[in-house]
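*Asks:* The structure under discussion is supplied below as C-alpha cells; questions concerning it will follow.
The values are calculated or read from the model by the stated rules, or taken from the named source; none is laboratory data. None of these values were measured; they are calculated from a predicted model. All Cβ positions, even for glycine, are placed from backbone atoms using ideal geometry, and neighbour counts span all protein chains on display. With ligands, DNA and RNA removed, areas are computed over all heavy atoms of the protein, side chains included. Shrake-Rupley method; radii C 1.70, N 1.55, O 1.52, S 1.80 Å.
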Amino acid sequence: MRVLVIGHATANQLSDSILNVLGAATKLNTKVDVLIIGKADITEIASLACIAKIIHLSDVSGEQMQSAFLAKSLAQIVKSYTHVLTAADSAGKDLLPRIAGILELSQISEVIGIISPNMFKRPMYAGNVVAEVESFEDIKLLTIRTTSFAKYTETGSGASIEEKSGLVEINPTTSFISQDIIHSDTIDLAHAKIVVTGGRSLGSKENFDDLIHTLALKLGAAVGASRAAVEAGYAPNDCQVGQTGKVVAPTLYLAIGISGAVQHIAGMKDSKTVVAINLDPNAQIFEYSDYGLVADLFDTIPQLINALS
Amino acid sequence: MKILVCAKRVVDPNVKVRVKTDHSDVDIEHSKMSLNPFDENAIEEAVKMKEAGKASEIVAVSIGSLKCEDTLRTALARGCDRAILVEAAENYEPINIAKILKAIYLKEQPNLIMLGKQAIDDDANQVTQMLAGMLDLPQATFASKIEIADNALVIRREIDGGTETIKVNLPAVVSADLYLNEPRFIKLPQLMQAKKKPIEKIAVAELGLELSRRSRLIKVYDGEVKKQCKQLASIDELINVIKAGQEA
C-alpha cells in the first residue's frame, strides 16, 4: 500500500485542512507521502510522524495554479500509489476528478469514513443517506470531507523533502485573471469553532449585518447563512451552509431564524452542540438541535448581544 | 457556437428519499423524478447565450433508460434545439458517464460542453472534470458568471472564501453553480413545441466503450441524526447554554 496526500497552498500558506486529510490517511495504517502544490512554509508539516516524504512544487503559485496544468503531471505521480487523498474543498474537487479522467479511474467523493483499504463511507442525497462503497480500482482516488476526520498532529522524526520544479506545463488555453477573497479578515467558516447562521427571517441585509455579524463578533464566531438568505442577498454565496454550500461541524452552532430545510441540515448536522432560535415552534430545525428557544429573534438577539458585551 | 448540455434524470429535490428495508439501496421506484437542478442552470445559461445571438445550436444529452425522454423533453422546453438519449440499462458511475460523453463530444464536435456542477442524487461532482481531463480541454468548474470573449469565455468561479476569474479558450468544459442564473419557468407553448423537437436515440453498446463497474454499493443507511431538543424558557437559559458551548 502506498498512500499520497495532496494539499494546496494559498497565499503562501498551507491550509489546516491537510491535517484532517492526514487524519483520514492514517486510518490506512501506513506512512504517507504528501504532495504540496504552491509556495508555503513546510517546516511544521515536515515534522509530522506519519509522513515519509514531502514532494513540494514550490515554483508554482498555489492559488493561481489551474487543474488543467497540474493534472497531467500529477497523474504520472499518482500512478505509483494505491491511495490518493485530498480535501473535498474547491481546489480538491476541481483537481482530483481531472486526474481521474486522465487515468480513466473512478473516484469516491466526500469520504466520511474509511472502513478498510477498499471500503469507504460517503454521503448521498444531501446527506440524507450514507452509503458504504467498495472500490475495485488499483488506485483509489478519494476526496475527504475534512469535518469527518480529526486533525493529525503527532510529531516524529521528520519527513524527507523533495523540491520539484519545472514539473507543471502551463499552456495558453487557460489563464488566471484574478481572485477575490471576501472574508480574509474574518473567521474561516469551514474551520470555525463557533458558527452563527442567519436565515431569511432576518428580513434584510442591514438586519443580517446588525444582528448576525455583531453576535458573531461577540462570540468570536464565523458567519453562516441559509441558502434562502444568500438568495435574498443578505450574505455572500461563500457564507452558505448546506448541501450546495459549505459543510461545517463546529463545537457550537447557532441557527437563527433558520427553518431547517433538508439541504441546510446536510451542511451542519455534524455540529457538536446546536442551538436554534425560531419564532415557529414547529420549525424543523428544532429536530436537529440540542437546545431550542421559541422567540422572536429581533427581541432575543439584541438582548443576547448586550448580555455578551 | 454549438453547445452540448447534459441533462440527468434525478429524484426530485423536494422528495425525501427512503432507504430500502434490506439496506441494499434507496427506494426511488415510485418517486417523482426531475431534471437535475444544477443542469437546469447549465441549460439556462446556454439558452441565454443563444438568445444573445452567441450560440447557434444547443444539443441536450441524457444517459439512462427510456424514461430519460421526459427529462430531455424538459430540456427541449427550456430552449434546447434537439436531444440525444444514450439508452443504457445501468446506472453508470461518473467515470463511465464521462466516457460516454466523450464519445458524444467526438460525434457532435460542440464548442462548449455545459453541465451542472453535481447531481443531487450521488452528489459526486466529478463528470465535468473527468471529461475535461479525458479530452485535454480547459475546464471551469462552479461557474457563477460567464462572459463570452473572442473564441473564449471569461468565467467567474465560486471557490472557498470567494471567487476566482479565469479565461478559457474554446472548446471548453464548464460546470454550473447554483448562482450562475435563475432558470425560467416553462410555459405551456414551450412544452408543446418541445414535443415536436427531435430526440435521437443511441444504444450505449453502439458506442463500443469499455464500461465495467469500478465499485459496488455495499449498503446504505439513513444519514439523518435527529436530536432530542431541550426547549429553553428564557434568554438567561440561552446565554448559559451558549457560554457552556463556547467553553467546550
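*Asks:* Classify region B:33-162 from the C-alpha gyration tensor, please: rounded if a/c falls under 1.5, else prolate or oblate depending on whether a/b exceeds b/c.
*Replies:* Details: a/c = 1.44, a/b = 1.21, b/c = 1.19.
Judged from the Cα gyration tensor, region B:33-162 comes out rounded (a/c under 1.5).
*Asks:* Quick one: which residues, 5+ away or cross-chain, put their amide H under 5 Å from the amide H of A:K246? H built at 1.01 Å from N.
*Replies:* Distant-sequence amide H within range of A:K246: A:Q240, A:V241.
*Asks:* Let me ask something else about it. Can you give the relative contact order of chain B as a percent, counting alpha carbon pairs under 8 Å and 6+ residues apart? Display every interim value, and only then the final one.
*Replies:* On the way: 466 pairs, mean separation 57.2, N = 248.
After rounding, I find 23 percent.
*Asks:* Relative to the first principal axis of the alpha-carbon coordinates of chain B, what is the inclination of helix B:68-77, with its axis defined by its Cα atoms, in degrees from 0 to 90 and to the nearest 10?
*Replies:* Approximately 80 degrees, to the nearest ten.
*Asks:* State the percentage of accessible surface on chain A attributable to carbon and sulfur atoms; use a 1.4 Å probe and exclude ligands, DNA and RNA.
*Replies:* Numbers: 5530 of 11620 Å².
Carbon and sulfur: 48 percent of the exposed surface of chain A.
*Asks:* Enumerate the amide H contacts of A:V129 below 5 Å, restricted to partners 5 or more residues apart or on another chain; note that Pro and chain-start residues carry no placed amide H.
*Replies:* A:M124, B:G223
*Asks:* On to the next question. Looking only at B:F185, B:F38, B:F142, which one moves most when chain B is put into a Gaussian network model with springs between Cα atoms under 10 Å?
*Replies:* Of the options given, B:F185 has the highest mean-square fluctuation.
*Asks:* Can you compute 3J(HN,Hα) from phi for each residue in region B:23-40, using the Karplus curve 6.51 cos²θ - 1.76 cosθ + 1.60 with θ = phi - 60°, rounded to whole Hz and x for Gly and Pro?
*Replies:* My calculation for region B:23-40 gives 6, 6, 5, 8, 9, 10, 3, 9, 6, 5, 10, 9, 6, 3, x, 5, 5, 4 Hz in order.
*Asks:* Moving on to the next point. For B:S215, which sequence-distant residues (separation of 5 or more, or a different chain) have an amide H within less than 5 Å of its own amide H, given hydrogens modelled in the peptide plane?
*Replies:* Sorted by chain and number, the residues that satisfy this are A:F136.
*Asks:* How much FRET efficiency would the formula 1/(1 + (r/R0)^6) give for A:K218 and A:R2, where r is the Cβ-Cβ distance and R0 is 45 Å, rounded to 0.05?
*Replies:* On the way: r = 48 Å, r/R0 = 1.07.
Taking R0 as 45 Å, the efficiency between A:K218 and A:R2 is 0.40.
*Asks:* OK, next. Only residues of region A:226-250 count here: report those whose backbone N is under 20 Å from the spot 7 Å along Cα→Cβ of A:D210, or say none.
*Replies:* Within reach of a label on A:D210, which here means backbone N under 20 Å from a point 7 Å along Cα→Cβ, region A:226-250 contributes A:226, A:229-230, A:232-236.
*Asks:* State the antiparallel share, in %, of DSSP beta bridges confined to region A:3-163, rounding to the nearest 5.
*Replies:* Numbers: 12 of 40 bridges.
Roughly 30 percent of the beta bridges in region A:3-163 run antiparallel, per DSSP.
*Asks:* May I pose another question? What aspartates and glutamates could a cross-link reach from A:K205, if we take a straight Cα to Cα line under 14 Å and drop same-chain neighbours fewer than 8 places away?
*Replies:* Once the sequence-local aspartates and glutamates are set aside, what remains near A:K205 is A:E231.
*Asks:* Just the Cα atoms of region B:155-248, one point each, no solvent: what log10 I(q)/I(0) does Debye give at q = 0.13, 0.18 Å⁻¹?
*Replies:* These q points yield log10 I(q)/I(0) values of -1.11, -1.12.
*Asks:* Now for a different question. Would you mind telling me the share, in percent, of accessible area of chain B contributed by carbon and sulfur at probe 1.4 angstrom?
*Replies:* On the way: 5380 of 10990 Å².
Heavy-atom surface of chain B belonging to carbon and sulfur, 1.4 Å probe: 49 percent.
*Asks:* Continuing with the same structure: Quick one: accessible area per residue over region A:189-308, 1.4 Å probe, rounded to a whole number of Å²? Display every interim value, and only then the final one.
*Replies:* Working: 4120 Å² over 120 residues.
Using a 1.4 Å probe on heavy atoms only, each residue of region A:189-308 averages 34 Å².
*Asks:* Check each residue of region A:276-296 and keep those whose accessible area, probe 1.4 Å, is at least 40 Å² smaller with all protein chains in place than in the chain alone; give them in order of residue number.
*Replies:* In region A:276-296, residues shielded by partner chains: A:E287, A:Y288, A:D290, A:Y291, A:G292, A:L293.
*Asks:* Which of the pairs B:K48/B:K167; A:K246/B:K187; A:K93/B:K48; A:K93/A:K218 have their Cα atoms more than 25 Å apart in this structure?
*Replies:* Working: B:K48/B:K167 19 Å; A:K246/B:K187 34 Å; A:K93/B:K48 27 Å; A:K93/A:K218 34 Å.
Going by Cα-Cα distance, A:K246/B:K187; A:K93/B:K48; A:K93/A:K218 fall outside the 25 Å limit.
*Asks:* Give the percent of DSSP beta bridges with both residues in the protein assembly as shown that are antiparallel, rounded to the nearest 5. The partial results should precede the final answer.
*Replies:* Values: 45 of 122 bridges.
Given both bridge residues lie in the protein assembly as shown, the antiparallel proportion sits at roughly 35 percent.
*Asks:* Quick one: accessible area per residue over chain B, 1.4 Å probe, rounded to a whole number of Å²?
*Replies:* Working: 10990 Å² over 248 residues.
On a per-residue basis, 44 Å².
*Asks:* Now for a different question. Whole-Hz ³J(HN,Hα) for each residue in region B:216-230, computed from phi via Karplus 6.51 cos²θ - 1.76 cosθ + 1.60 with θ = phi - 60°, x for glycine and proline: what do you get?
*Replies:* Once θ is set to phi - 60°, the couplings for region B:216-230 become 9, 7, 7, 6, 10, 9, 4, x, 7, 10, 7, 10, 8, 8, 8 Hz.
*Asks:* Is chain A rounded, prolate or oblate when judged by the Cα gyration tensor, a ≥ b ≥ c being the square roots of its eigenvalues, rounded requiring a/c under 1.5 and prolate requiring a/b larger than b/c?
*Replies:* Working: a/c = 2.07, a/b = 1.80, b/c = 1.15.
Prolate shape, in that a/c is at least 1.5 and a/b is the bigger ratio.
*Asks:* I want to make sure I understand the PRE zone here: with the label point 7 angstrom from the Cα of B:D222 toward its beta carbon, which residues in region A:243-286 have backbone N atoms less than 18 Å away?
*Replies:* A:261-263, A:265-266, A:269-270, A:284-286
*Asks:* Taking the Cα centre of region A:40-141 as origin and charging only Cβ (+1 Lys, Arg; -1 Asp, Glu), how large is the dipole, in debye to the nearest 20?
*Replies:* Once rounded to the nearest 20, the dipole reads 180 debye.
*Asks:* Next question. Based on the Cβ-Cβ distance of B:K187 and A:I305, what FRET efficiency does E = 1/(1 + (r/R0)^6) give at R0 = 56 Å, to the nearest 0.05? Present the calculation step by step, with values, prior to reporting the outcome.
*Replies:* Details: r = 48 Å, r/R0 = 0.85.
Taking R0 as 56 Å, the efficiency between B:K187 and A:I305 is 0.70.
*Asks:* Would you mind checking the tilt of helix A:90-103 against the longest principal axis of the Cα atoms of chain A, expressed as 0 to 90 degrees and rounded to 10?
*Replies:* For A:90-103 against chain A, the angle is about 40 degrees.
*Asks:* Magnitude of the Cβ-charge dipole of the protein assembly as shown, K/R +1 and D/E -1, about the Cα centre, nearest 20 debye? Don't skip to the answer; put the middle values down first.
*Replies:* Numbers: 59 positive and 69 negative charges, 220 e Å.
Computed about the Cα centre, the dipole is about 1060 debye.
*Asks:* If you don't mind, there's one more thing I want to ask. List, in the order given, every pair from A:K164/B:K117; B:K8/B:K219; A:K193/B:K145; A:K269/B:K20 whose Cα-Cα distance in the structure shown is over 26 Å. Display every interim value, and only then the final one.
*Replies:* Numbers: A:K164/B:K117 32 Å; B:K8/B:K219 23 Å; A:K193/B:K145 32 Å; A:K269/B:K20 23 Å.
Beyond 26 Å between Cα atoms: A:K164/B:K117; A:K193/B:K145.
*Asks:* For chain B, find the longest principal axis of its Cα atoms and tell me its angle to the long axis of helix B:94-108, 0 to 90°, nearest 10.
*Replies:* 30 degrees
*Asks:* A further question follows. Using θ = phi - 60° and the Karplus form 6.51 cos²θ - 1.76 cosθ + 1.60, what ³J(HN,Hα) does each residue of region B:127-132 get, whole Hz, x for Gly and Pro?
*Replies:* Karplus values, whole Hz, x for Gly and Pro: 4, 4, 5, 4, 4, 4.
*Asks:* What's the whole-number percent of alpha carbon pairs in region B:2-247 lying beyond 29 angstrom? Walk me through the numbers on the way to the answer.
*Replies:* On the way: 10975 of 30135 pairs.
Considering region B:2-247, 36 percent of its Cα-Cα pairs are separated by more than 29 Å.
*Asks:* Also, quick follow-up: Give the interface area between chains A and B as buried accessible surface, both sides summed, probe 1.4 Å, in Å² to the nearest 100. Please report the intermediate quantities before stating the final value.
*Replies:* Numbers: alone 15030 and 14500 Å², together 22620 Å².
Summing both chains' loss of accessible area gives about 6900 Å².
*Asks:* How large is the Kirkwood hydrodynamic radius of region A:3-163, in angstrom, based on all distinct alpha carbon pairs? Each step should come with its number before you reach the end.
*Replies:* Values: mean 1/r = 0.0641 Å⁻¹.
Roughly 15.6 Å, rounded to one decimal.
*Asks:* What nm value, rounded to one decimal, do you get for the distance between B:N240 and B:K145 when each label is placed 7 Å out toward the C-beta?
*Replies:* Inter-label distance under the simple model: 5.0 nm.
*Asks:* Okay, next question. In a Debye calculation with equal point scatterers on the alpha-carbon sites of the protein assembly as shown and no solvent, what is log10 I(q)/I(0) at q = 0.06 Å⁻¹?
*Replies:* -0.29
*Asks:* I would also like to ask the following. Among DSSP beta bridges whose residues both lie in region B:2-247, state the antiparallel percentage, nearest 5.
*Replies:* Roughly 40 percent of the DSSP beta bridges within region B:2-247 come out antiparallel.
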